[in-house]
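Working notes for the structure below.
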């Protein structure tokens, strides 16, 4: 590697004009002779540029004719790491009488940054401490010890002892005169061949002038020099090797080829541990190369965000959810909010719960990844940092809001499943035998559309196991496992046949849990405490086997014996109560059932009502209680979809509301509207109940009767009112119309924009 010569001056001797800030302590400048330079000095980049620096003593280091490689490091390395490296080099310069190459500031900073990332990301990679090198270079080794202490004091990260050897060698190599030897020419040839192999095997084109490639070459250069001299700086790391092999098989194969190349040229075999080093740096180059082609616009957005929130120094914690970047800032007064809101790519700004939230949209994860690079942070660091949660005093309203938040956080991520399943059902409803009859009953297409549409709802407990698991902090696949248990064909058949069954000797009131919601959410809630308990008491070495197993052992009786049947027991009594209203309150019964119908659907209790509905039709050939209420309630769901569509301003939210409307009116599927609007934004639930109450009251007063049991909840269900008098049909249509209009009007009047902004915070976390 031939490095461009860099001229160094310890102190500036002529007038300096600061023209561009690089960070608070590094800036681009022009001296009195018009020469460009890079200047180091505490706070010199903080004032507004350009400006004349009057006190030249503030400058500690200056660099002329800095190569592109080192200029790239200035932009890449976090400010605090760069400043720390400058302090270390200044200390070393004094100890070694100015014998160090000043570019050590950059190479050492790069090494420190990568060492920290390696420590946090590749925890099993260990660096071997060399006593021989410590004895050969005692002065440099002592400087390395001081440097390690300075790194620990400023970053609060304890580097392994092996880093003493690495930093010692940085000091040693920096003192050496750079000579172009035959060996170094050979190293450059190996690096070039390695580069060709990377391009060939990973199908990328590497820009030889790009910063990350120069960094890669520098690491390869020193790696090959160590190999040649027989220095073993990398200790055993087989666990890490196995991990990387599984994640990046193609990188491992490539490292083997490079190892074979080195063996051919040097006659030195690369062991498995040295392959780890090669793989880390080649993977780093690959990811940077691929990312750079995709992230240009995200880089610009991330840079703009950093500048407007007070820089990376103002960030104490950073994370993201489905659509938002979430910052815990040290000083929110530093935020340039108006400029931030005007930034292209920023959809909005929200301050909530001590967090500063920037709405980005569906590409938020890409912007977040760029911000991680720019700030020198790792995702592991961010996710391990827990955001402070403000404790609020207990209130019934607060409890209710929390319950709804958990419901919404568990159900909202399932909206895509509901929409897709609804579309399959809608196609079958429109083009099947019920309407156009273009798709014949019994055909393969009809069968396909039917079971695919049904699957989205039948397996709801499994889907809930995953989303509720994420919301409550349970291992998501364990939640899915529990949902699968509830829906297993054997258990379902036992329920259907009424066969006695017990769990560990405890009798079970078997039920069909298909399409249910509440039993799974309650089970996952309890499961969160059970799993946390076992994670706490079981040693980590045994936790992989025993924690999930014992969690399921405990949850089986709790779910199958208690929580699952509880919903149906409660539902049975509620259903009996509602049915008794017909004789107690007369016409009010229809209104009450219509108002509460969607609650019954959420709990699975409606199945009991449906069985009553079927019984009434079987006995009387008609139903003036449950069926009219259910139909009115379905139209009320369509009403809140329309009201939400008219009231919402966000294009994406409006589109969702309209799709829910179509799913309800055409497809006969109410779940997207209920879960995606009523539960999500809460206020539409008021509209839903108000419409059900109004429409049901009219149906009860006019004695609306259903003469046909239509097994769909779309507009075709209005045919149920055909068969009696013309007046009955008209009154049935009017009752549904009243429910639809009242629900839409109440939803529109109450408004949901504020609720949308407030409640999306908790909802998005379930997907983040």
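Taking residue 84, is it crowded, with 20+ Cβ neighbours inside 10 Å, at pLDDT below 80 and assigned by TED's automatic domain parsing to the domain that holds residue 168? Taking the combined requirement at face value, the residue does not satisfy it. Among residues of segment 346-361 being in a loop (DSSP other than H, G, I, E, B) and modelled with pLDDT under 80, the one that is nearest to the chain's Cα centre (by Cα) is 361. Residue count for segment 337-351 under the criterion of being within 15 Å of residue 303 (Cβ to Cβ) and touching a strand residue (DSSP E or B) at 6+ places or on another chain (Cβ under 8 Å): the result is 2. The number of residues in segment 451-489 being surrounded by fewer than 22 Cβ atoms within 10 Å (Cβ to Cβ), over 18 Å from the mean Cα position of the chain (by Cα) and free of Cβ contacts under 8 Å to residues at least 60 places away in the same chain comes to 12. Screening 527, 520 for residues that are in contact with a helix residue (DSSP H, G or I) (Cβ under 7 Å, 6 or more places away or on another chain) and either modelled with pLDDT of 90 or more or not assigned by TED's automatic domain parsing to the domain that holds residue 475 (or both) leaves exactly one candidate, 527.
Return yes or no: is residue 557 at pLDDT 85 or above and surrounded by fewer than 22 Cβ atoms within 10 Å (Cβ to Cβ)? Explain how you work it out, then say what you get.
Numbers: at pLDDT 85 or above: yes; surrounded by fewer than 22 Cβ atoms within 10 Å (Cβ to Cβ): yes.
Judged against the criteria, residue 557 is a match.
In segment 286-297 there is no residue matching the filter, namely being modelled with pLDDT under 75, exposed (fewer than 14 other Cβ atoms within 10 Å of the Cβ) and assigned to a loop (DSSP other than H, G, I, E, B).
Among residues of segment 621-633 that are more than 15 Å from residue 724 (Cβ to Cβ), those with a Cβ under 9 angstrom from a residue that is assigned to a loop (DSSP other than H, G, I, E, B) and modelled with pLDDT under 80, sequence gap 6+ or separate chain, pair up as 630/713; 633/670; 633/713. With respect to residue 280, determine if the residue is surrounded by 15 or more Cβ atoms within 10 Å (Cβ to Cβ), out of contact with any helix residue (DSSP H, G or I) (no Cβ under 6 Å at 6 or more places or on another chain), at pLDDT 75 or above and closer than 21 Å to residue 375 by Cβ. Against the criterion (surrounded by 15 or more Cβ atoms within 10 Å (Cβ to Cβ), out of contact with any helix residue (DSSP H, G or I) (no Cβ under 6 Å at 6 or more places or on another chain), at pLDDT 75 or above and closer than 21 Å to residue 375 by Cβ), residue 280 qualifies. In this structure, residue 411 qualifies as assigned to a helix (DSSP H, G or I), at pLDDT 65 or above and closer than 25 Å to residue 468 by Cα. Kindly check whether there is at least one residue in segment 673-688 that is modelled with pLDDT under 90 and under 17 Å from residue 717 (Cβ atoms). So far as segment 673-688 goes, yes, one or more of its residues are modelled with pLDDT under 90 and under 17 Å from residue 717 (Cβ atoms). Here residue 465 clears all of (1) under 22 Å from residue 531 (Cα atoms); (2) at pLDDT below 85 except the condition numbered (2).
Please go through segment 22-61 and give me each residue that is assigned to a loop (DSSP other than H, G, I, E, B) and under 42 Å from the mean Cα position of the chain (by Cα), ordered by number. It would help to see each step written out before you state the result.
Of segment 22-61, the ones assigned to a loop (DSSP other than H, G, I, E, B) are 24-25, 32-35, 41-50, 54-55, 59-60.
Selection gives 24, 25, 41, 42, 43, 44, 45, 46, 47, 48, 49, 50.
Inspect all residues belonging to segment 654-666 and state whether any of them is assigned by TED's automatic domain parsing to the domain that holds residue 720, over 31 Å from the mean Cα position of the chain (by Cα) and surrounded by fewer than 24 Cβ atoms within 10 Å (Cβ to Cβ).
Here is the first cut: in segment 654-666, the ones assigned by TED's automatic domain parsing to the domain that holds residue 720 are 654-666.
Imposing the further condition that a residue be over 31 Å from the mean Cα position of the chain (by Cα) reduces the set to 665-666.
Now drop any that are not surrounded by fewer than 24 Cβ atoms within 10 Å (Cβ to Cβ), which leaves 665-666.
Yes, segment 654-666 has at least one match.
The sole residue among 464, 436, 445 that is part of a helix (DSSP H, G or I) and farther than 30 Å from residue 525 by Cα is 445.
The sole residue among 27, 92, 39 that is crowded, with 18+ Cβ neighbours inside 10 Å, at pLDDT 75 or above and in the same structural domain as residue 160 (by TED's automatic domain parsing) is 92.
The single condition among (1) closer than 30 Å to residue 188 by Cα; (2) at pLDDT below 80; (3) not assigned by TED's automatic domain parsing to the domain that holds residue 109 that residue 74 does not meet is (3). How many residues are surrounded by fewer than 17 Cβ atoms within 10 Å (Cβ to Cβ) and touching a helix residue (DSSP H, G or I) at 6+ places or on another chain (Cβ under 8 Å) if we restrict to segment 500-511? Final tally of qualifying residues: 6.
The values are calculated or read from the model by the stated rules, or taken from the named source; none is laboratory data. These numbers were taken from a predicted model, which means no experiment stands behind them. As a convention, Cβ positions derive from the backbone with ideal geometry for all residues, glycine included, and neighbour counts pool all protein chains shown.
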